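Notes follow the structure.
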Amino acid sequence: MLKIENLHATVADKPILNGLTLTVPTGEIHAIMGPNGAGKSTLAYVLGGRPGYEVTQGSATFDGRDLFAMEPHERAAAGMFLGFQYPVEIPGVSYLQFLRESLNSQRRSRGEKELSGAEFIRLAKDKAALLGMDAEMLKRPVNVGFSGGEKKRAEMVQMGIMDPKLAILDETDSGLDIDALRAVGAGINSIMRNPQKSVLLITHYQRLLDYVTPDQVHVLSKGRIVRSGGPELAHELEREGYAEAAA
Amino acid sequence: MTALPTRKLEAYRYADIDALRDVWDGLAQPERVEIAAQQRLQQIWLPSGDEVDIRRVEMTLQKGATARIFALNNAPRYGRFELDVTMHEGADFALYGANIGGGNSTLEIVTTLRHIAPGATSHQTVRSVLGDKATGSFLGKIEVAREGQQTDAEQSVKAMLLHRGATANAKPELEIYADDVKCAHGATVGELDRNQLFYAAARGLDPASARALLLEGFVGGLWGDIDGDDLGIADLARATLHKVAA
């Protein structure tokens with residue numbers, strides 16, 4: 001599903017990723033853990049195609065296609081979902097309008113029929129209910145006045161609506177209380193735990209992995225993967241800290 | 001005023017005088033609107049569709065009268081909406097206006113609000129979206145006479161520039177002779193937010209659709225208070241935004 005080889009990337013000419021190699025096979029959930037400054041968010045943004053994050057070497061393929069040859073919106077249409085650590089507020093634009101236009105833009109570029117207003121509202125209500133979110137909130141402007149936990153739940157509702165093949169979730173667990181964490185974990189499992197789908201879960205803490213069991217855990221340090229292992233690696237990191245585990 | 005104005009006049013400093021020359025004869029005398037005491041008026045000003053679209057209105061609000069004006073200014077060459085409003089005691093005036101244009105268009109909304117008696121209120125909200133080499137201006141003058149105690153006047157002016165060649169002018173002007181008044185004004189000029197654009201792209205919106213959607217959010221609030229049929233002003237504004245954002 002996702003294959004990254006020897007990836008080097010810079011932000012404002014500063015090297016952040018330094019030869020990162022990683023493969024996420026179809027049907028698997030992989031977690032990337034690492035200390036602050038290891039390059040976790042940079043990896044998410046590079047994969048999402050954020051302007052200002054420059055790939056200087058290496059390659060990435062998504063479903064066999066050259067990821068870096070695609071524009072950000074083309075990556076979404078191809079089935080990639082990027083969950084934001086800090087979801088963005090858009091005053092004046094309701095969540096319903098934002099998501100309906102986004103989804104229909106994806107569907108148009110895939111040659112699929114657009115959803116009508118009624119069809120879309122039904123879909124949005126279903127997915128909101130799945131995440132334990134009041135669908136009325138989707139009438140509000142995108143993320144405006146949402147608490148940290150509500151923003152993250154809303155990200156998961158968006159993921160449910162977009163129904164991607166690959167989700168890259170950047171610290172979706174940060175700033176969540178236990179209830180929200182449980183809801184987000186359940187959302188990831190129900191939407192993405194599927195033999196046809198894959199997840200790259202980027203996280204600082206082990207606690208989300210109590211709810212979503214990864215097939216593999218990778219440790220990112222100084223812009224490279226320094227260790228990989230099974231789910232038990234996350235517990236070891238939690239016990240011993242990154243310095244020890246990455247040594 | 002019957003002679004063609006020049007740019008030396010403050011209210012015409014950003015005007016396209018050449019465009020004005022061709023149509024001035026029919027405009028030298030402004031249209032007059034009088035709203036009787038305690039009466040309420042709502043007007044929706046749709047663009048005429050002409051290359052040059054000028055509207056000059058002198059309005060008087062008698063005691064306790066209310067006026068709501070919703071205006072979309074999107075003329076391809078020169079659009080000018082000029083409003084001179086005189087407010088008597090307790091009158092309430094509101095303007096919601098948009099300048100939306102690209103190319104070489106010049107778009108302006110020019111208002112003079114005269115608070116001549118106590119307790120009148122006025123609210124003006126103007127949003128400009130300007131692409132290519134367009135110029136959008138808001139000149140808003142507020143005069144509060146000695147008798148205009150307890151005036152509450154407010155202006156909110158925001159402009160969004162889509163290209164380097166576009167220009168926005170915002171010029172509040174206050175002339176206050178009363179000592180117990182509230183006059184607030186705020187003006188900003190900005191560009192589309194990169195974080196919002198990337199967020200929209202990451203959800204699958206192509207760049208032109210993302211820009212148009214964000215601009216709809218920027219302008220859309222203007223039409224929320226329209227009572228009854230909006231005569232298509234929201235759709236027309238949206239269509240113009242999509243054209244400018246393409």
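Every number here is computed from the coordinates shown, using simple stated rules; none is lab data. None of these values were measured; they are calculated from a predicted model. Note that we place each Cβ from the backbone using ideal geometry, even for glycine, and neighbour counts take in every protein chain shown.
Separation of the alpha carbons by more than 30 angstrom is noted, of A:LYS113/B:LYS133; A:LYS152/B:LYS133; A:LYS152/A:LYS222, for A:LYS113/B:LYS133; A:LYS152/B:LYS133. The average projected area of region B:10-191, computed from the convex hull of its Cα atoms over all directions, is 9.4 nm².
In summary, the aspartates and glutamates within cross-link reach of A:LYS165, defined as a Cα separation below 13 angstrom excluding same-chain residues under 8 places away, comprise A:GLU28, A:ASP63. Counting only DSSP beta bridges with both residues in the protein assembly as shown, the antiparallel share comes to about 20 percent. With a Förster radius of 60 Å applied to the beta-carbon distance between B:ILE17 and A:GLU112, the computed FRET efficiency rounds to 0.70. For the protein assembly as shown, the average shadow cast by the Cα convex hull is 26.9 nm², which is a quarter of the hull's surface. The angle separating the long axis of helix B:207-220 from the principal Cα axis of greatest extent in chain B is about 10 degrees.
Of all beta bridges DSSP finds with both residues in chain A, what is the antiparallel percent, to the nearest 5?
Restricted to chain A, the bridges split so that about 60 percent are antiparallel.
Shown is the FRET efficiency for B:THR2 and A:LYS139, computed with R0 = 60 Å from the Cβ-Cβ distance and rounded to the nearest 0.05: 0.70.
Per residue of chain B, the DSSP helices (runs of n ≥ 4 H) give a summed -39500 (n - 2.57) that works out to -5500 deg cm²/dmol at 222 nm.
If you average 1/r across every pair of different Cα atoms in region A:2-246 and take the reciprocal, what Kirkwood value do you get, in Å?
Taking every pair of different Cα atoms in region A:2-246, averaging 1/r and inverting gives 18.3 Å.
Subtracting the Cα-Cα distance of B:LEU174 and B:ASP132 from 0.36 nm times their residue separation leaves 12.0 nm of extension gain. The calculated FRET efficiency for A:THR61 paired with A:SER147, based on their beta-carbon distance and R0 = 22 Å, is about 0.05. Placing pseudo-labels 7 Å out from each Cα toward the beta carbon at B:THR188 and A:THR26 gives an inter-label distance of 4.7 nm.
Local charge sum around A:LYS222 (other residues, Cβ-Cβ under 14 Å, Lys/Arg +1, Asp/Glu -1)?
Summing Lys and Arg as +1 and Asp and Glu as -1 gives +4.
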